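The values are calculated or read from the model by the stated rules, or taken from the named source; none is laboratory data. Everything numeric in this text was worked out from a predicted model, so none of it was measured. Ideal geometry is used to build each Cβ from the backbone, glycine not excepted, and the neighbour counts take in all protein chains shown.
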Amino acid sequence: MDQKSVYYSDYLQLDKILDAQQPISFLKGNEPAHDEMLFIVIHQTYELWFKQILFEIDSVLEILSKPALNDNSAELQTMVHRLQRVCTILGVLVQQIDILETMTPMEFLDFRNLLRPASGFQSWQFKILEAKLGLTFDHRHGQQYYTSQLNTHDIDIIKKVENGSSVLTLINKWLERMPFFDNSYWKNYQQHSSETEGHVFWNDYKKVYSDSLSPEEKNNVESFNKILVDNDNTADRQLSAAACRSALFIMSYRGYPMLELPFLMLDILIKTDNQLGSWRYRHINMVKRMIGSRIGTGGSTGAGYLQGAMDKHYIFRELSQLNSFLMDRKKLPKLPDELTQKLGYRI
């Protein structure tokens, strides 16, 4: 069957896209504000990029939701690749602020009042993006009004996503399944620490880590116990102690072939959080420049709300915290042969 020829503008449906900019200030009875067109195009572009990010995240969630993930298969590489794309897109979103900032505060005031109560605060796609990555309602800043400006349909979509699995919850399960500390790998391991409780590897790791700290850093041992040992400390954490131990092990021994992709997976999640933080930081500064201390068009506290969100909305915070417990690789406990054979290339 012959394929019908495709025309560029028809394929991209440019008639719909290029006719989707309708500046309110250009309507009859209003004074046309030149920069409103830029404002619309930038925000439409944001929403298109959000759509692509959600498309990538959904594919990652589908893979992570499988009963078992083969860490030595193409699936893990696919997830890393698509999350790297997400991270790159987020970098573009940060750069787009440079374009928006070619508009001055006075030029924004030419049409700002015509936007009320519309606001970027009403971007349901961005809220879904955060929720699918792992930001829960309990960890949101401004819970009392984060959906107050949305219609019922959009609120229902967000609530449904929040009740489902996220990248963070599925990464937690993936890390908990890691078999690194199965007793079969450690039966011939000689522990150097005098600690009698806990796994022999972590007893040695904790001792070497503690000995490597300066006097000013000794409080890190308490944090080490809280994040990596205390299984009962679940009130304000998203990753379990077991998952954090697996993650730190991957970060510490990432040179082994079997750990290269798992490390890239963890690293790109941290970078994604950093990109979201950079976007929020740039957004705050832009809002301060444009409207100062005034409230947002959607009724939020403007820069004040954005500052609170930036401080609180770190989704993979616990992964980033693990960097505090890394140490010189020359001091790392030597792994038993049974495990190194598993982590290396098998011929």
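Selection over the range 43-62 of residues that are among the β-branched types (Val, Ile, Thr) and surrounded by fewer than 17 Cβ atoms within 10 Å (Cβ to Cβ) gives a count of 1.
For the range 29-50, the set of residues classified as not hydrophobic (A, V, I, L, M, F, W, C) and not in a loop (DSSP other than H, G, I, E, B) consists of Glu36, His43, Gln44, Thr45, Tyr46, Glu47, listed by residue number.
Among the residues of the range 187-194, is any assigned to a helix (DSSP H, G or I) and surrounded by fewer than 16 Cβ atoms within 10 Å (Cβ to Cβ)? No: zero hits. Taking (1) surrounded by fewer than 19 Cβ atoms within 10 Å (Cβ to Cβ); (2) at pLDDT 65 or above; (3) not β-branched (Val, Ile, Thr) in turn, Gly299 satisfies each apart from (2).
Residue-by-condition table, conditions (1) under 30 Å from Ser166 (Cβ atoms); (2) at pLDDT 90 or above:
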site	(1), (2)
Tyr185	no, yes
Tyr189	no, yes
Val208	no, yes
Asn231	yes, no
Ser240	yes, yes
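Residue-level check: of (1) assigned to a helix (DSSP H, G or I); (2) of a type outside the set (Lys, Arg); (3) more than 30 Å from Pro257 (Cβ to Cβ), Val6 misses just (1).
With the checklist (1) modelled with pLDDT of 90 or more; (2) in a loop (DSSP other than H, G, I, E, B) in hand, flag the one item Thr272 doesn't pass. Of everything listed in (1) modelled with pLDDT of 90 or more; (2) in a loop (DSSP other than H, G, I, E, B), Thr272 misses just condition (2).
Give the residue, chosen from Lys159, Lys132, that is within 17 Å of the chain's Cα centre (by Cα), modelled with pLDDT of 85 or more, surrounded by 12 or more Cβ atoms within 10 Å (Cβ to Cβ) and assigned to a helix (DSSP H, G or I).
Lys132
Of the residues making up the range 215-268, those that are part of a helix (DSSP H, G or I) and out of contact with any Cys (no Cβ under 9 Å at 6 or more places or on another chain) number 34.
Within the range 195-214, being assigned to a helix (DSSP H, G or I), loosely packed, with under 14 Cβ neighbours inside 10 Å and either in contact with a His (Cβ under 7 Å, 6 or more places away or on another chain) or of a type in the set (Gly, Ala, Ser) (or both) holds for one residue alone: Ser212. Residues that are part of a loop (DSSP other than H, G, I, E, B), among the aliphatic types (A, V, I, L, M) and either over 27 Å from Pro262 (Cα atoms) or touching a strand residue (DSSP E or B) at 6+ places or on another chain (Cβ under 8 Å) (or both) are absent from the range 171-183 altogether.
Of the residues making up the range 26-42, just one is surrounded by 10 or more Cβ atoms within 10 Å (Cβ to Cβ), touching a residue at least 24 places away in the same chain (Cβ under 8 Å) and more than 27 Å from Val94 (Cα to Cα), namely Asn30. Pairs linking a residue in the range 3-15 that is surrounded by 10 or more Cβ atoms within 10 Å (Cβ to Cβ) to a residue that is of a type in the set (D, E, K, R), with Cβ atoms under 9 Å and 6 or more positions apart or on different chains, are Ser9/Asp15. Exactly one residue out of Glu176, Glu162 is closer than 23 Å to His283 by Cβ and in contact (Cβ under 8 Å) with a residue 12 or more places away in the chain, and it is Glu162. Residues that are out of contact with any Lys or Arg (no Cβ under 9 Å at 6 or more places or on another chain), among the charged types (D, E, K, R) and over 15 Å from Leu326 (Cβ atoms) within the range 193-225 comprise Glu197, Asp204, Lys207, Glu216, Lys218, Glu222, listed in sequence order.
Mind listing whichever residues of the range 98-113 are part of a helix (DSSP H, G or I) and surrounded by fewer than 16 Cβ atoms within 10 Å (Cβ to Cβ)? If the condition is that a residue be part of a helix (DSSP H, G or I) and surrounded by fewer than 16 Cβ atoms within 10 Å (Cβ to Cβ), then Asp98, Ile99, Pro105, Met106, Leu109, Asn113 are the ones that fit.
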